[in-house]
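The values are calculated or read from the model by the stated rules, or taken from the named source; none is laboratory data. Since we're looking at a predicted model, the values are computed, not measured. Here Cβ is always computed from backbone atoms with ideal geometry, including for glycine, and neighbour counts include all displayed protein chains. In case anyone asks, the SASA skips ligands and DNA or RNA and just uses the protein heavy atoms, side chains included. Shrake-Rupley method; radii C 1.70, N 1.55, O 1.52, S 1.80 Å.
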Amino acid sequence: MRGRLISLSILALVGCSDSRGPAGEGVAAFAAAYGQDPIALRVARGGGPVRAYQYPRLDTLIWTSTQPVGGQARILAFDPEGGLEAFVDRAGVPGWVDLRVGTVRPSRTTKPGLLASHDAWSIYSVTRDTLIHRSTPSGEWEFATSDPVRTLFPMPDGGLVVLTSNASGSRLIRLRPPERTVMDSANVPDPAYSVMSPLGDRLYLAIGRELVALNTSTFDETARISFARPIIALTTTPSGDRVFVATENSRDIAILDRYSGERSEEVRLPGRVKELRIDPFGRLLLARPDTGDSAWVIDVGTNRMVATLPTPWRADLPSVGPDGAVATISGRDVLFTIPGQPKPRIIVRDGANEIWHFVYWNGFRTRTSGLDEPVVFAVDTSYYSTPRNDSLAIPVPNLAGDSMGKPPQVVLPDTTTPAPAATMWSVQVAAVLSEDRAREIVRTIRVDGVTPRVVVSAVDGARVYRVVMGPFSSRAEADRIGRQSGRDYWVFEGVP
């Protein structure tokens with residue numbers, strides 16, 4: 001979702017860091033694990049070209065856009081497949097930055113209100129309170145609602161959930177652009193806050209002192225948790241397995257288990273909180289104090305506060321870098337500090353004058369020269385004879401046999417080639433941090449008489465228990481199994 005860009009006249013100066021040291025090693029391990037390069041996109045707050053730096057080498061420019069941006073206010077989303085970034089400029093106009101060709105393109109939306117995007121390709125906005133507009137690089141789409149729109153929730157599957165309100169309450173509707181038919185709807189109480197899980201399978205509504213969880217596929221209520229005080233902030237982990245909730249005049253952050261629908265733990269902080277921000281990889285949670293300019297850093301793995309870092313809060317900063325360093329603002333500079341270490345790992349001079357966005361993309365890698373070579377097909381010439389005396393005649397075998405009456409032997413070349421290895425597909429239905437929880441999920445699923453298995457993976461030093469099924473010989477078969485499992489699922493190529 002995500003500057004990153006800097007004007008032609010300003011270059012960031014980096015000190016207190018050697019990219020060949022621990023930071024470089026950590027990022028190299030990250031790139032090896034995730035297959036993508038960590039990229040810092042930066043643009044001057046007043047406008048200018050988009051510039052890209054491969055983290056942690058923030059003093060080495062690797063790419064710049066061919067067109068300027070009129071000052072990015074915030075990033076909406078990033079598409080790692082197509083290298084497309086959706087943003088909103090300071091005038092409130094959304095647009096796209098294409099990292100493949102360097103172009104910057106504004107959308108055709110005029111004076112939008114609410115803005116949201118999930119995949120960076122489709123940018124949703126609201127004009128005149130009730131007109132939903134979807135803008136893509138290839139076309140436009142509109143849908144009018146009967147009540148004013150409060151929030152837009154673009155879905156990973158291309159759908160859209162809309163929260164509208166009127167004097168009698170709120171209503172959820174589900175759309176699937178470019179169709180203009182309401183697929184489903186439900187009446188709900190007016191929420192003070194609402195958050196969609198990153199996977200798009202749960203919608204959390206803060207209604208006074210209660211948190212209500214809804215299944216986005218059916219709008220059915222899956223959990224309802226009561227608190228002693230009104231809810232003022234909430235966020236979820238990237239996998240959606242845990243929800244963090246801050247309440248009014250409270251020093252505690254409640255942690256909810258998405259599967260049990262109950263509180264699992266609490267984190268005690270030095271004071272009251274008014275905003276929560278999660279690390280894109282779920283390692284750290286940043287909490288904004290009710291007063292003062294600082295960030296309380298919470299280790300999600302241990303549920304303990306590990307640092308207090310001074311910084312003002314903006315839409316882009318503070319944030320968490322690829323190696324777990326927290327990017328904060330200090331005067332005109334941006335500091336990257338590993339929680340628990342006394343000094344920042346990286347200092348970017350004048351970095352506070354830019355908008356920052358971290359993306360993970362390998363499109364800036366050097367293109368292999370062999371990719372540009374013409375395709376050459378090998379030809380087996382053993383079947384052909386060299387003409388004698390410059391004659392073009394091809395010898396014809398004696399089909400009558402030899403003088404002993406034996407039939408002729410005609411040997412043809414072996415033109416068969418080994419069959420390519422068949423592509424196999426697998427289905428993942430859950431990824432949790434508890435082995436007991438993974439085993440519990442396994443016991444609830446049986447498709448065609450087969451139950452899933454648990455595969456253990458290591459992510460950022462943590463053990464992740466993946467519940468998978470397969471392999472299957474086709475993606476269609478894997479999709480069928482995933483649908484019949486009755487859970488949200490992900491189909492991927494290969495065998496874990």
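Only one residue in Asp241, Asp147, Asp184 is under 24 Å from Phe281 (Cα atoms) and among the acidic types (Asp, Glu), so which one is that?
Working: Asp147 fails: under 24 Å from Phe281 (Cα atoms); Asp184 fails: under 24 Å from Phe281 (Cα atoms).
That would be Asp241, the only listed residue that is under 24 Å from Phe281 (Cα atoms) and among the acidic types (Asp, Glu).
Consider Val491 against the criteria (1) within 13 Å of Met424 (Cα to Cα); (2) outside any helix (DSSP H, G or I); (3) open to solvent by 60 Å² or more (accessible area, probe 1.4 Å): it satisfies all of them except one. Which criterion is unmet?
(3)
Name the residue that is most open to solvent (accessible area, probe 1.4 Å), counting only residues in region 212-235 that are part of a strand (DSSP E or B) and small (Gly, Ala, Ser).
Here is the first cut: in region 212-235, the ones part of a strand (DSSP E or B) are 212-215, 221-226, 231-235.
Still in the list and also small (Gly, Ala, Ser): 213, 223, 226, 233.
Working: Ala213: 7, Ala223: 17, Ser226: 68, Ala233: 8 Å².
Within region 212-235, the match that is most open to solvent (accessible area, probe 1.4 Å) is Ser226.
Of all residues in region 257-286, which are hydrophobic (A, V, I, L, M, F, W, C) and touching a Leu at 6+ places or on another chain (Cβ under 6 Å)?
Here is the first cut: in region 257-286, the ones hydrophobic (A, V, I, L, M, F, W, C) are 267, 269, 273, 276, 278, 281, 284-286.
Result: Ile278, single match.
Would you confirm whether or not region 149-171 contains a residue that is open to solvent by 50 Å² or more (accessible area, probe 1.4 Å) and in contact with a Phe, Trp or Tyr (Cβ under 7 Å, 6 or more places away or on another chain)? Steps first, please.
Going residue by residue through region 149-171, those that are open to solvent by 50 Å² or more (accessible area, probe 1.4 Å) are 150, 156-157, 166-168, 171.
Applying the additional criterion that residues be in contact with a Phe, Trp or Tyr (Cβ under 7 Å, 6 or more places away or on another chain) yields none.
Scanning region 149-171, I find no residue that is open to solvent by 50 Å² or more (accessible area, probe 1.4 Å) and in contact with a Phe, Trp or Tyr (Cβ under 7 Å, 6 or more places away or on another chain), so the answer is no.
Tally time: how many residues in region 283-327 are open to solvent by 40 Å² or more (accessible area, probe 1.4 Å) and either aliphatic (A, V, I, L, M) or part of a strand (DSSP E or B) (or both)?
8
So, Val326, is that one modelled with pLDDT of 95 or more and under 21 Å from the mean Cα position of the chain (by Cα) or not? Break it down stepwise before answering.
Working: modelled with pLDDT of 95 or more: yes; under 21 Å from the mean Cα position of the chain (by Cα): yes.
So Val326 passes the test.
For every residue, the table says whether it meets (1) of a type outside the set (Ser, Thr, Tyr); (2) assigned to a strand (DSSP E or B); (3) farther than 21 Å from Val243 by Cα.
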site	(1), (2), (3)
Arg150	yes, yes, yes
Pro156	yes, no, no
Ser165	no, yes, yes
Arg171	yes, yes, yes
Arg174	yes, yes, yes
Pro178	yes, no, yes
Val182	yes, no, yes
Asn187	yes, yes, yes
Ser194	no, yes, no
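Just to be sure before I move on: is Phe244 touching a strand residue (DSSP E or B) at 6+ places or on another chain (Cβ under 9 Å) and in a loop (DSSP other than H, G, I, E, B) in the structure I sent? Please lay out each step first, then the result.
Details: touching a strand residue (DSSP E or B) at 6+ places or on another chain (Cβ under 9 Å): yes; in a loop (DSSP other than H, G, I, E, B): no.
Taking the combined requirement at face value, the residue does not satisfy it.
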